[in-house]
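Novice: For reference, the structure I am asking about is given below.
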Amino acid sequence: MGTAQRGLIVISPNGGKIFGEAEGCPSNEVLSMSRLNDTLYLGFKGCFAKFDIKAKTFNIIASTKAVQIKNDLDGGLPYSISNILADDKQNLVWLGVSGFRGGIWRYTPAIGELNHIPHAWGNPWIVLNDDGEILFEDSGQPNLLNPETGQIKSLKGYSKEFHMGSRDTVMLGKDIIYISYRTLLSDDGKVSKLDKYWKKLERFGSGIITVGSGNNPTGLDLSFIQPKESVKSNSVSNEKQT
């Protein structure tokens, strides 16, 4: 668990442990985090790092404080790693960076290489769709990045109400769900309002995990929701609460 003031908290059957700056964490303020195999990739203000889950050790991949420049996120002007997305199918880690050098970056763990994706600017929040493409926003316009070819496709059919935020946007098929305004957008331009009070969304298998209560804005229920197979859009159902 990444925290805003205490660094990384690791919880296991034997209990929990805090990994703050004294334990080697680059900063006590963790902005973003994602897991790929046995490694947690962590985003901070001016730093991108990894945490070996088995060895319980941190390694800095890039930092504005770096003396020896190894990649384009070392040294220079400030930035923040606002969003991290691990793609286990491609064995890649995608970064949504804000500030100077902002946009979408790709990290390839196999060779330790960081690359900025040309022309992928705008909002740093990113999500994967069912085809492994990356959805991102630029000036209210949804776009898809093909990770294999690097090509960017603008999605023209969606409403201009589209706006991505942290942990509040998912893409199911061609439908985009974001909870800032409890809205579902379909590719024919239709906008549907959801009668749910979800606080966060996360893709899981064929559905989504939600945090919040379906009908109570102050609730903290955890639910798994799958779309109706027979309906193209406008329906998200089969809600199972835990």
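Just so you know, all these numbers are worked out from the coordinates, no wet-lab data involved. Since we're looking at a predicted model, the values are computed, not measured. Counting neighbours? That spans all protein chains shown, and the Cβs are built from the backbone with ideal geometry, glycine included.
Novice: I'd like the Karplus ³J(HN,Hα) series for segment 59-74: coefficients 6.51, -1.76, 1.60, θ = phi - 60°, whole numbers in Hz, and an x wherever there's a Gly or Pro.
Specialist: 9, 7, 8, 8, 7, 5, 8, 4, 8, 9, 7, 10, 7, 6, 9, 8
Novice: For segment 76-132, what's the radius of gyration and Dmax over Cα atoms, in angstrom?
Specialist: 11.3, 36
Novice: What is the calculated FRET efficiency for Lys190 to Ile60, with r their C-beta to C-beta distance and R₀ = 51 Å, to the nearest 0.05? Present the calculation step by step, with values, prior to reporting the outcome.
Specialist: Details: r = 46 Å, r/R0 = 0.90.
After rounding to 0.05, the efficiency reads 0.65.
Novice: Ordered by residue, what ³J(HN,Hα) values in Hz, to whole numbers, does segment 141-148 give under the Karplus form 6.51 cos²θ - 1.76 cosθ + 1.60, where θ = phi - 60° and Gly and Pro are x?
Specialist: Going residue by residue, I get 10, x, 9, 10, 9, 7, x, 7 Hz, with x marking Gly and Pro.
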